[in-house]
Structures are given as C-alpha cells and as structure tokens.
1. Give me the angle, in degrees from 0 to 90, between the Cα long axis of helix 181-192 and the longest principal axis of the Cα atoms of the chain, rounded to the nearest 10.
2. Over the heavy atoms of Asp167, what accessible area does a 1.4 Å probe trace out, to the nearest 10 Å²?
3. Over the chain, what percent of the accessible surface lies on carbon and sulfur atoms, probe 1.4 Å?
4. Can you figure out the FRET efficiency of Ala48 with Asn153, using R₀ = 35 Å and their beta-carbon distance, to the nearest 0.05?
5. When the Karplus curve 6.51 cos²θ - 1.76 cosθ + 1.60 is applied with θ = phi - 60°, which whole-Hz ³J(HN,Hα) does each residue of region 435-448 get, with x for Gly and Pro?
6. For every other residue with a beta carbon closer than 15 angstrom to the beta carbon of Ser295, add +1 if it is Lys or Arg and -1 if Asp or Glu, then tell me the sum.
7. What are the lysines whose alpha-carbon lies under 20 Å from the alpha-carbon of Lys235, with same-chain residues fewer than 8 places away excluded?
8. Enter the accessible area per residue of region 59-196 (Å², integer; probe 1.4 Å; all protein chains in place).
Amino acid sequence: MKLLNRSLVLAAAICLGAFTGFSQTAKTAEDTPKDYLSAAFHAGRRQALRDLMPANSVAVIFAYPERLFSNDVNYVYHPNPDLYYFSGYKEPDAVLLVFKDTQAAGDSSYNELFFVRKRDPQREQWTGKRLGVEGTKTQLGFKRVYNGDAFANFPVDLKKFSSIIYDKLPDDATGDGAGGLKALISTFKAKAGVPDVDKQLLSDLNLINQRGTPQNIDRILNYLKPKLNNEAYKKNELIQLLVSKPDSATLVTVKAKINADFSSMAKFTEYTTQLRGIKTPEELDLLKKSIRISSIAHAEVMKAVKPNMSERELEGILLYVHKNYGAEDEGYPPIIGAGGNGCILHYEENSRMHLDNQLVLLDVGAEYHGYSADVTRTIPANGKFTEAQKAIYQLVYDAQEEVFKLCKQGVTYSDFETKTGEILANGLIKLGLIKTAAELRKYYPHGVSHHLGLDVHDKGAYDGELKAGMVITVEPGIYIPAGSPCDKKWWNIGVRIEDDILIGVDKGTNLSADAPRKWQDVEKMAAQPSIFDTAKFPDLDTKK
Ligand code: GLY
Ligand code: MN
Ligand code: MN
C-alpha cells in the first residue's frame, strides 16, 4: 500500500504543480537537505548510552528487517529508530556493538564495532547507493567498521560480558547472504548464548513493563485478551498472574519480575527510554519541523475540503504538502475518516468516496529525517459544524485546554488522565449521553497522551513526573458510532483533537499551533480559498 501511495502522491504532486502553479523551487543534484543529525550528535548519544550501562557490558543493536510488499518488491525500508539514533545509519543488514569499557585488540583498542551492509555496484544500480564501510567511516564518523559477513569470524567473545543489552530480536529476518540480518542474528545468538523466546510475548511483556500503570490495567488486559490462548502466553506465569489478579500490587510484582527475568531487554528499554524520552536541541529542530509541516498540511486541507471529495483525496493533499517540504515519510498510516469512519480509532482504509456533510477526522503526521509528528484535526466537510457536532467538538476542545494547562515539568500522565476523564465524563453527562462517569469508556476508549519522537508512540517514561525537553501529545477524543445507546443526533460523530507539546519547566509549548483548533477558527480556515480549488483532472474513460 505504501509503495502504491508513494507513486500516486508523486504523480498527484507533479500534476497539481502544473495545474495550480503552486510555487516549486527547482531542485538540483546538490540541493539535498543539509539538516541531518550530525555524526557528533550520534557519537554523543552512544557515549550517553555507555554512561548508563553497567561495568563489563555490551549493547547490541540490529537493523530492522526488510519486509515484503509483493512478490519481489519490498516495502520502502524504514530504519530501526534506535539504530538510527545511535548511529545515523539508515540501511538494513547491520549490527552495532557499543561496549561500556574500551576493549584491547592487539596494539590498538575500540569501544564500538559496526558491521554494515556491503557495497554492491550491481545491486546499487537497481536500488540505490549504499554507504558501505568507507561511507560509514567518513560520513558517520565510526572507526571500526566491517562488512556484515565479517561478524561470524570476528574475534569478539560476547560470553565474557556480565551483561549483554539488546532489544527483542525479530523472528522474520530475511538475509542477504552471510552479511544479511538473519545471519547476523544467528551469529549473535551463538556468540552470546542467547535463548529463544516468543517475540510477541517478549514484546508484550516489554509493553507491560514500560507502559503499564494502575490506571490502564483494564486497557492492557483488553489488548492481551485475543492472545491469551496462545501456548506461550498460557505458559507464561507473569501474564497469568496479571490476568488472574489485575490490581496495582500485582502490576508492581509483574514489572519487577520482567526486569529480573528479561534483564537484557529490560535494560535496553530502560536506557533507550531514558535517553530518547528527553529530546536534545538537535532533535527538537527536526521534530519541530515535522510538526510544523504537518500543521500547515492540516490547515491546507481545511481550506480544500468539499463534500464531494473522497477520504483518499484529502490524504493526497496532506501528503503533497508534506512532500513539498521534503518530509520523507509519514510517521504512521494516515487516518482519514468521515462520519462513522471517524469513530474507528486507527482507521487506515481511507476508502469512502464522498465525505458528504459529515465530520471528517484526520490524524496525519509527517516524518522528517526520522522524527514523526502526530496531529489530529476534525473538520466539517461542508465548512460548518452542526449544533450536535459543535457540542461534542467543544467538549473535546475544553478537555484538551485543561490538559494543556497541566503541561509542565513535574506533572504525571495520571494527572492528564484524571483531568481528561473528569471533563469528558461531566460533559457527556450534561449532554445526556451517559448517566455516570463509569460509562465514559464507551465513548472515550483510548489514552490522552504519549511520547513523540522517532517513533510516533515514542520511547519515554510513563510513570513518574514529566521533565522539560519531553515532547508528548495531548489527544482527547469522543467517538459515537451509529447504534450507540443515545439520541440518534449524536450518531457518527467522532472527534479527536491532537496537538504536540514540548514540556518546559513552567509551561508547555504547543508545536502544532499552526493548525487551527477552535471550531470558529476551523470554520474561518474552511472559508478560505484553496490552491486545490481549481485542480481538475481528465475523466478516466477506461473503455476508450
Ligand atoms: N496517530 C496515532 C495516535 O494518535 O496515537
Ligand atoms: Mn497520538
Ligand atoms: Mn494521532
């Protein structure tokens, strides 16, 4: 889907440029972006990792696998954010080893080793240039770099380390021969004596450990429910303990045991969470850019939207703006849902042909040099909110405003959730949609905030207090699908408003403020002319 979307967007971008005269600066071969993270930034992050690691330890970070799109075509490759963070390397088939202590090697020494994808002129003619050993040295500043196929016989004894720190290993890695990811992982397992554990189970234990709080145990159990019949889950005593006694005391016990039993993964998550949770100024520059690009795209779509447009057409407009500013990708599949589709939280089909007079929920964020925005706006396709739509919109807006006021150093995620629950429940009771606060979850089934960065749901602490330099979302929402037990006038109204906030010592800064939020401002923006108003394409007469 991604590849297809990319070519459609590119085609649309070219056509729209010609039809509308949208100002496009000419791009030359030398005119490539200059604002990538520097080699010094990545080296600094590796040192920060070393500073957290225990004595006599090594951290091992693999590239993500490539994944099949169709037959012999892969999805556009997306690097592992952790590997990118610590190295700047964006290709598959690589493994980085970061040592706490300097390792002696003959008459020299090292504290990091990098095994990367081999150069291959024949393959490069088809799929583009590779950085290779030399490029990784000169452009990314590493000293000890080797082709991946050298890992198997490289004289490094991983078993001698007291602690090997690594993330869950993908179990669907394919390979590119001896230097491919599959081979790198099996070499690592042999060198380190690593046991096999069900990857999905490991991933869920990690999730419980990282994101489980007394407030969200019910949501975690709901999420686990469909997997509880899998053998690995049935046999896992920690999952069984949480399911049989889902309270805060059990959560504390379960988290402590995850940390003890899966310490390699727990440490990896702990360190990367600590580091990536607080954004450096260099990262903030990129994150602000992706958020600004996304906010401008949302404002453009407000001007352009018309009832006879399709969900996918709006997607094309948003992506066109993103690409115009040089964003390489989307941080997550765009969610564009009109009417009832707006009530599906992660609706990705975007297949409705006509928006009609519905409310349209757009949760779309650009990814710029790896950093993802996460912005949602909900807009009336015909430019005017109905009274019922306005009432729900205003309630969600009020909840967001109140959470904004809490956004500063020292506040906790639970404070956000408590405040959101209070405002939304009171509002829905007043509107007659629910009778008691206990019913709120029917119409507000998700959380109000998460960290944002290289991952849309980024690494960052969810317990304890928020700190200056964190970037989080604030995203209350109310979703009332058709058939809900309430007056029909509310049916098919789905509203989420989502902004990206930089936490400061005394206050937060809304980084997505370029996209109008107040219903009055949304209507004003919708009344503006759009460059897309005159975009017209030939009819598709396939019978000709
Ligand atoms: N775009 C996914 C989310 O808001 O969390
Ligand atoms: Mn979000
Ligand atoms: Mn979102």
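1. The angle comes out near 50 degrees.
2. 40
3. 54
4. Efficiency, rounded to the nearest 0.05: 0.65.
5. 9, 10, 4, 4, 8, 4, 4, 4, 10, 9, x, 10, x, 9
6. -4
7. Candidates past the 8-residue exclusion: Lys168, Lys199, Lys225, Lys227, Lys245, Lys255, Lys257.
8. 50
The values are calculated or read from the model by the stated rules, or taken from the named source; none is laboratory data. Remember, it's a predicted structure, so these values are computed and weren't measured experimentally. Every residue, glycine among them, receives a Cβ derived from its backbone with ideal geometry; neighbour counts consider all protein chains shown. Heads up: the accessible areas ignore ligands, DNA and RNA and are worked out on the full protein's heavy atoms, side chains in. Shrake-Rupley method; radii C 1.70, N 1.55, O 1.52, S 1.80 Å.
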